[in-house]
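Asks: My questions all concern the structure below.
The values are calculated or read from the model by the stated rules, or taken from the named source; none is laboratory data. None of these values were measured; they are calculated from a predicted model. Cβ atoms come from the backbone with ideal geometry, glycine included; neighbour counts cover every protein chain shown.
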Amino acid sequence: MAATELEQTEPDINATSAYYDVISDVTEDVIVPRRSDYSSGNPDIVLSTVYWLIFVVALVGNSLVLAFGFSRRAQTYRTQKVFTCSLAVSDLSVTLVVTWAKALTTYTSNWVFGLGWCRVYNWIGTVSRHASIGTMMALSMERYHYSFLLFVPC
């Protein structure tokens, strides 16, 4: 391949800067779409209010699940308690890190937290989603196994 062909295939950052914001970091360049390209730039008050309601309900609900799960009055099986509390912890981490930031970003139509919080936001969101999915899968397998063993003769 000739050098001129190679130069033509590489993306030109200056050409894309009209549509994207380039955030330079020590290790890599992150290209983020500008908010004005896919939104009118006006704050979406209704959607932001919905996110704040989700934040409040999830915070109260998951806190109650954890409080009841760690109380001595909880009469559930140990494995169900562990799975339920694990699910509440992962949902609470999404609530405390992702939901309020999404609500504020939706209201302001702009990411105001910087590159470091962007990475934490994405990492916590991804890890918590995978933890929630794994916990729900393990909980459903445990319930199926428990239900199946009730009907199998010894």
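Asks: Could you tell me which of the residues Val112, Val82, Val60 is at negative phi and surrounded by 13 or more Cβ atoms within 10 Å (Cβ to Cβ)? Give the steps one after another, and end with the answer.
Replies: On the way: Val112 fails: surrounded by 13 or more Cβ atoms within 10 Å (Cβ to Cβ); Val60 fails: surrounded by 13 or more Cβ atoms within 10 Å (Cβ to Cβ).
Step by step, each of Val112, Val82, Val60 is checked, and only Val82 is at negative phi and surrounded by 13 or more Cβ atoms within 10 Å (Cβ to Cβ).
Asks: Now for a separate question. In the range 115-142, which residues are surrounded by 13 or more Cβ atoms within 10 Å (Cβ to Cβ), free of Cβ contacts under 8 Å to residues at least 60 places away in the same chain and closer than 19 Å to Arg78 by Cβ?
Replies: Within the range 115-142, Gly134, Thr135, Met136, Ala138, Leu139 qualify.
Asks: Checking Thr95 against (1) part of a helix (DSSP H, G or I); (2) touching a residue at least 40 places away in the same chain (Cβ under 8 Å); (3) in contact with a Ser or Thr (Cβ under 8 Å, 6 or more places away or on another chain), only one condition comes out false. Which one?
Replies: Just one mismatch for Thr95, condition (3).
Asks: Kindly indicate which of Trp111, Trp100 is within 22 Å of Val46 (Cα to Cα), assigned to a loop (DSSP other than H, G, I, E, B), in contact (Cβ under 8 Å) with a residue 12 or more places away in the chain and in the same structural domain as Val56 (by TED's automatic domain parsing).
Replies: Numbers: Trp100 fails: assigned to a loop (DSSP other than H, G, I, E, B).
Within the list Trp111, Trp100, the selection yields Trp111.
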